[in-house]
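**Q** The structure under discussion is supplied below as structure tokens; questions concerning it will follow.
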Amino acid sequence: MTLHLVRGPSGCGKSTFAEKLRDEIIFTMGVDLILNPAIHSTDDWFTTKDGEYKFDKRFLSRAHTETTTRVMEDLYLGKDVIVANTFINYWEIAPYIWLAKLAGVDCIIYEPDLIGYCHNLGEDATQEVAHKLLERCIHGVPYSTIDSHIDNFHYLEANQLIKEVKQYTTGLLE
């Protein structure tokens, strides 16, 4: 079992990548329907039954708590779990890394290809990518927040708690 943590700024394709990753895990491992990998995101708590996204900051803490609880439940049921959240700073992702440790499962982190590109090429590249992310973002996240996500993104490295850090393709650099 593995806890897969997909991170990156709003609009970079975390949910799309999470779905592809789930399909890959099912294909590779041939898991039973009952043990199909679960995908969780805090955004789920702000999506209505009709699929409309209605973010309300007042409920953000509760949404994170509920997401963490669901992840823990699925890990203890023996499922692989994929979580797709921004996780810009270490303190945002740390509870999930520790959940993996407590559950005795591997933890793999997935980071978008565009962050290194922006950090290496400077402010012009960051602005260009932030505008592209704004166009793709389906949740109405403002440009200033997306720009801040890119500027403040903290890289993670494999260690005793993180088995691997991988990069996923966003399609924005092609």
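Computed from the coordinates by the stated procedures, all read-outs in this text should not be read as laboratory data. Everything numeric here is computed off the predicted structure, so don't read it as measured data. Methodologically, a virtual Cβ is constructed for each residue, glycine included, from the backbone with ideal geometry; neighbour enumeration extends over all protein chains shown.
**Q** Determine, at each q value in 0.23 (inverse angstroms), the log₁₀ of I(q)/I(0) that the Debye formula gives when each Cα of the range 40-107 is one equal point scatterer.
**A** Treating every Cα as an identical point scatterer, log10 I(q)/I(0) equals -1.04.
**Q** Hand me the tally of lysine pairs in the chain: alpha carbons under 17 angstrom apart, and the pair either on different chains or 8 or more positions apart.
**A** Details: Lys14/Lys132; Lys14/Lys166; Lys20/Lys79; Lys20/Lys166; Lys79/Lys101; Lys101/Lys163.
Within the chain, the lysine pair count is 6.
**Q** P(r) of the range 2-168 in 5 Å steps, Cα pairs, percent per bin?
**A** 1, 9, 17, 21, 21, 16, 10, 4, 1, 0
**Q** If you don't mind, another one. Tell me, which longest segment in the chain has none of the trypsin sites (Lys or Arg not before Pro) that fall in DSSP loops with at most 12 further Cβ atoms within 10 Å?
**A** Working: sites that count: Lys49, Lys54.
Of all site-free stretches, the longest is 55-174.
**Q** List Trp45, Trp98, Trp91 from most exposed to least, where exposure is judged by having the fewest other Cβ atoms within 10 Å. List each step's numbers first, then the result.
**A** Values: Trp45 18, Trp98 12, Trp91 9.
Neighbour counts put them in this order, fewest first: Trp91, Trp98, Trp45.
**Q** Measuring from label point to label point, each 7 Å out along Cα→Cβ, what is the Lys101 to Ser144 span in nm?
**A** Once both label points are built, they end up 3.6 nm from each other.
**Q** Determine the distance separating the Cα centre of the range 103-174 from the Cα centre of the range 43-73; give it in Å without decimals.
**A** 21
**Q** Determine the relative contact order of the chain: mean sequence separation of Cα pairs under 8 Å and six or more apart, normalised by residue count, in whole percent. Kindly include the intermediate steps, with their values, before the conclusion.
**A** Numbers: 257 pairs, mean separation 58.8, N = 174.
This gives 34 percent for the chain.
**Q** What 222 nm value per residue comes from the helices of the chain, counting each DSSP H run with n ≥ 4 as -39,500 (n - 2.57) and dividing by all residues, nearest 500 deg cm²/dmol? Mind dumping the intermediate values first?
**A** Values: 6 runs with 78 residues, N = 174.
Theoretical 222 nm ellipticity from helices: -14000 deg cm²/dmol.
**Q** When the chain is fully extended, how far beyond the present Cα-Cα distance does Thr28 get from Leu173, taking 0.36 nm per residue of separation?
**A** Details: separation 145, 0.36 × 145 = 52.20 nm, distance 2.79 nm.
Stretched fully, the Thr28-Leu173 segment lengthens by 49.4 nm.
**Q** Same structure again: Give me Ser15, Ser41 ranked fewest to most by other Cβ atoms within 10 Å of their Cβ, as a rough exposure proxy.
**A** On the way: Ser15 16, Ser41 19.
Going from least to most buried by this count: Ser15, Ser41.
**Q** Which ³J(HN,Hα) values, rounded to whole Hz and listed in residue order, are derived for the range 143-159 from phi using the Karplus coefficients 6.51, -1.76 and 1.60 in 6.51 cos²θ - 1.76 cosθ + 1.60 with θ = phi - 60°, glycine and proline given as x?
**A** Whole-Hz 3J(HN,Hα) from phi for the range 143-159: 3, 4, 6, 4, 4, 5, 4, 5, 4, 9, 4, 9, 6, 10, 10, 4, 7.
**Q** Let me ask something additional. Taking amide H atoms as placed 1.01 Å from N in the peptide plane, list the residues 5 or more away in sequence, or in a different chain, whose amide H sits under 5 Å from that of Ile82.
**A** His4, Ala38, Ile39, His40
**Q** Among Thr48, Thr145, Thr169, Thr86, which comes first, then next, by fewest other beta-carbon atoms within 10 Å? Let's see the in-between values first.
**A** Working: Thr48 8, Thr145 15, Thr169 12, Thr86 22.
Arranged by neighbour count, lowest to highest, Thr48, Thr145, Thr169, Thr86 become Thr48, Thr169, Thr145, Thr86.
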